[in-house]
Amino acid sequence: MYRYDDFDARLVGERAEQFRSQVLRRLAGELSEDEFKPLRLQNGLYLQLHSYMLRIAVPYGTLSANQMRKLGSISRRFSKGYGHFTTRTNLQLHWTRLIDVPDILRELAEVEMHCMQTSGNNVRNVTADPFAGAAADEIEDPRILCEIIRQWSTLHPEFSFLPRKFKICVIASPHDRAALLSHDIAVQAVRNSDGETGYRVSVGGGLGRTPYLALEVGSFVPKRHILAFIEAILRVYNEAGRRDNLWKARVKILVHQLGIDEMRRRVEAEFAEIRESGMLELPPAEIERISEYFAPPDFEDLSGECPEFESAKRQSKQFAAWVKTNVHDHKAPGYALATISLKPIGLTPGDCSSQQMEGLADIMESFGFTEIRVTYEQNLLFPHVRQKDLFRLWQQLDALGLATANHGLVTDIIACPGLDYCDLANARSIPIAQEIARRFADPGLQAELGELKIKISGCINACGHHHLGHIGILGVDRKGVENYQILLGGSGAEDATLAEILGPGFDSEGIIGAVENVIETFRQTRKPGERFLDTYRRIGAAPFKERLYAH
Amino acid sequence: MKVITANELTFGDVVYWTKAHDWQPSLQQAQVLDDGDADGALELAAESVNRCEVVAPYAFPVRVEHGRILALSAREQIRARGPSVRLDVGKQAA
């Protein structure tokens with residue numbers, strides 16, 4: 001994985017010390033809260049319901065064992081023994097003290113981590129396909145471009161005061177495991193008819209109050225010009241994006257107000273100018289240099305069947321069930337990817353204890369894993385596991401409470417922190433996720449239902465991606481009482497669609513029954529083997545509405 | 001009726017404005033104000049922002065039942081106790 005050079009290390013170290021000085025000046029009264037707030041937000045520090053919340057960047061969702069161990073240690077010593085992985089693949093500590101944050105930043109810098117651009121109106125942490133480097137259908141490792149974007153966008157003076165936050169995602173496979181089109185810029189590596197690699201670029205996706213999927217603005221941007229093209233989009237946005245209305249400031253509003261043709265015309269005009277200057281042309285040697293950091297491990301030749309693996313599946317039904325849901329095909333024979341579900345039944349989606357983080361770091365060291373990934377679905381993933389190691393890995397994950405066999409199933413629910421933690425939330429998300437998971441805990445029932453993605457947000461900002469849920473739930477405030485709307489038919493995959501609201505909302509008990517009724521309607525109307533989403537697309541909303549609202 | 005709350009600056013903890021004109025961690029220690037008195041009390045409480053004691057004070061509605069102060073909104077109930085999904089953390093764990 002990428003290692004900081006001297007420039008990176010100095011920048012991150014200096015930034016931590018700058019913040020120490022800013023905190024001391026704040027505590028001494030030399031800075032008012034109004035003056036200090038933008039400074040703390042630029043370092044990912046929010047003031048939430050119970051305390052300060054620190055959001056730590058996990059660039060493109062990749063962590064080393066050393067970094068995971070440090071996150072475990074920091075969350076134990078400086079928070080309350082746990083952290084929360086988010087849909088932006090970052091880690092949030094919900095119980096930090098202002099006075100400790102400079103020390104946390106210094107410790108993060110020691111393991112090449114930081115909190116820059118995890119808040120504020122700038123380019124946020126760039127996300128990638130969590131299967132990067134392991135997917136058979138991948139054109140290149142998407143993290144190479146992510147890292148180039150990270151270096152270019154970090155503290156970029158021109159883009160430090162955008163009209164609003166800006167999220168970029170990069171994938172390099174036809175399969176979308178990163179909710180690509182819900183991003184401000186969606187970059188997908190593609191090949192042209194000459195076999196050259198370039199990028200399809202879309203712009204203007206986003207969830208929140210006004211959800212849109214991104215629209216194509218460049219069908220094939222040559223590799224060497226991709227940064228110039230992205231900069232062109234940001235320039236158009238920086239100049240023309242609205243700054244007078246917080247709710248209309250994202251690039252998605254600009255794109256959909258101008259229309260994609262006019263947006264494309266403006267981007268191409270900027271692009272031509274930047275390209276002409278040659279300033280942002282990527283030298284092949286530099287791409288090559290960064291690529292080397294993402295070179296895959298030396299895979300052993302493990303072709304053929306793995307008898308240990310096959311035998312373990314026969315001997316342990318639980319292991320076989322975990323393999324079925326949480327283990328995925330790898331490009332190298334004899335290897336697999338393993339999803340670590342952070343959705344144990346009845347617990348908080350995305351939460352991970354300090355002990356679990358340190359336990360995962362131990363596992364990584366003992367198995368020789370150089371990386372662990374964070375997924376936008378609030379799970380973790382080991383990208384390169386030998387099949388013959390899977391049983392022992394599963395046993396060790398199980399000992400940490402991390403072997404829940406539910407990836408992609410009804411209990412693998414995305415939920416934002418909601419009103420239990422978040423200052424912006426109108427309703428709780430986590431208890432709804434927990435209760436749905438309890439109702440559908442039976443593994444046989446989960447398997448029967450198949451792929452079913454439930455996503456819950458506690459407010460219109462949509463951190464829980466409710467528009468992308470096969471079943472989405474949006475918490476709202478209805479005259480001071482938590483109320484929940486239900487949406488159906490969303491997808492964050494390559495068949496991306498936005499879910500639509502079914503009808504009036506329910507109270508916190510009623511929403512659980514509503515989800516049960518929706519799923520029961522699905523069971524009664526599905527064709528054999530059909531996913532919930534496919535049934536919904538086939539029969540439409542009417543039968544579900546009828547079931548929920550007819551009486 | 002209203003109570004004034006804020007977050008303590010250095011640590012971020014939830015605190016409440018008391019009759020003694022200081023900030024305490026428990027909602028039960030808060031001064032319960034008639035709605036008409038809340039603005040004036042908030043002005044007084046806000047002086048502690050300048051003294052770097054708290055951040056962003058505001059008033060919220062409560063009722064008093066059997067001598068206990070109860071926040072009306074789910075948000076303030078959760079702030080007063082801690083996350084409803086982690087009873088081992090926050091004020092409720094103390």
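The values are calculated or read from the model by the stated rules, or taken from the named source; none is laboratory data. Not measured: the values here are computed from a predicted model. We place every Cβ from the backbone using ideal geometry, glycine too, and count neighbours over all the protein chains shown. For the accessible areas, the whole protein counts, side chains as well, though only heavy atoms, and no ligand, DNA or RNA atoms are used. Shrake-Rupley method; radii C 1.70, N 1.55, O 1.52, S 1.80 Å.
Some observations on this one:
- Unmet criterion (only one of (1) within 12 Å of another protein chain (Cβ to nearest Cβ); (2) exposed (fewer than 14 other Cβ atoms within 10 Å of the Cβ); (3) basic (Lys, Arg)) for B:ARG75: (2)
- Scanning segment B:22-33 turns up at least one residue that is assigned to a loop (DSSP other than H, G, I, E, B) and aliphatic (A, V, I, L, M).
- Of all residues in segment B:1-21, those satisfying the criterion of being in a loop (DSSP other than H, G, I, E, B), within 14 Å of chain A (Cβ to nearest Cβ) and on the phi < 0 side of the Ramachandran plot are B:LEU9, B:THR10, B:PHE11, B:ASP13.
- Those residues of segment A:463-487 which are more than 14 Å from A:SER429 (Cα to Cα) and within 14 Å of chain B (Cβ to nearest Cβ), in sequence order: A:ARG478, A:LYS479, A:GLY480
- A:LYS37 being within 14 Å of chain B (Cβ to nearest Cβ), charged (D, E, K, R), under 26 Å from the mean Cα position of the chain (by Cα) and not in a loop (DSSP other than H, G, I, E, B): yes
- Selection status of A:LEU342, among the aliphatic types (A, V, I, L, M), at pLDDT 95 or above, touching a Leu at 6+ places or on another chain (Cβ under 7 Å) and not assigned by TED's automatic domain parsing to the domain that holds A:ARG439: yes
- Selection count, segment B:40-67, where residues are loosely packed, with under 14 Cβ neighbours inside 10 Å, among the charged types (D, E, K, R) and either closer than 10 Å to B:LYS2 by Cα or within 14 Å of chain A (Cβ to nearest Cβ) (or both): 3
- Of all residues in segment A:377-395 being open to solvent by less than 10 Å² (accessible area, probe 1.4 Å) and in a strand (DSSP E or B), the one that is farthest from A:SER64 (Cα to Cα): A:VAL385
- Matching residues, segment B:78-94, being open to solvent by 10 Å² or more (accessible area, probe 1.4 Å), closer than 21 Å to A:VAL481 by Cβ and within 9 Å of another protein chain (Cβ to nearest Cβ): B:SER84, B:VAL85
- Taken over segment A:362-408, the criterion of being of a type in the set (Gly, Ala, Ser), out of contact with any Pro (no Cβ under 8 Å at 6 or more places or on another chain) and within 30 Å of A:LEU180 (Cβ to Cβ) is satisfied by A:ALA403, A:GLY408.
- Exactly one residue among A:THR96, A:THR89 is at pLDDT 95 or above, closer than 25 Å to B:THR10 by Cβ and open to solvent by less than 20 Å² (accessible area, probe 1.4 Å), and that residue is A:THR96.
- In segment A:48-66, the count of residues that are within 14 Å of chain B (Cβ to nearest Cβ), more than 17 Å from A:GLU107 (Cα to Cα) and open to solvent by 40 Å² or more (accessible area, probe 1.4 Å) is zero.
- Test: residue in segment A:9-25 that is among the small types (Gly, Ala, Ser), open to solvent by less than 40 Å² (accessible area, probe 1.4 Å) and out of contact with any strand residue (DSSP E or B) (no Cβ under 7 Å at 6 or more places or on another chain): yes
- If only residues of segment A:512-551 that are part of a helix (DSSP H, G or I) and touching a strand residue (DSSP E or B) at 6+ places or on another chain (Cβ under 7 Å) are counted, the one that is nearest to A:ALA447 (Cα to Cα) is A:LEU533.
- Only one of A:GLY510, A:GLY503, A:GLY529 that is under 30 Å from the mean Cα position of the chain (by Cα) and open to solvent by 40 Å² or more (accessible area, probe 1.4 Å): A:GLY529
- Subset of segment A:464-492 [farther than 19 Å from A:THR535 by Cβ and surrounded by fewer than 24 Cβ atoms within 10 Å (Cβ to Cβ)]: A:VAL476, A:ASP477, A:ARG478, A:LYS479, A:GLY480, A:VAL481, A:ASN483, A:GLN485
- For A:VAL481, the test of being over 23 Å from the mean Cα position of the chain (by Cα), over 30 Å from B:GLU76 (Cβ atoms) and outside the structural domain of A:ASP351 (by TED's automatic domain parsing) is failed.
- Only one entry in A:GLY472, A:GLY540 is on the phi > 0 side of the Ramachandran plot and either in contact with an Asp or Glu (Cβ under 6 Å, 6 or more places away or on another chain) or not assigned by TED's automatic domain parsing to the domain that holds A:THR375 (or both), namely A:GLY540.
- Taking (1) in contact with a Phe, Trp or Tyr (Cβ under 6 Å, 6 or more places away or on another chain); (2) assigned to a helix (DSSP H, G or I); (3) touching a residue at least 60 places away in the same chain (Cβ under 8 Å) in turn, A:ILE104 satisfies each apart from (3).
- Scan segment A:162-183 for residues that are under 14 Å from the mean Cα position of the chain (by Cα) and assigned to a loop (DSSP other than H, G, I, E, B) and the total you get is 6.
- Subset tally (residues that are over 21 Å from A:ASN461 (Cα atoms), assigned to a helix (DSSP H, G or I) and either open to solvent by less than 40 Å² (accessible area, probe 1.4 Å) or β-branched (Val, Ile, Thr) (or both)) for segment A:197-239: 12
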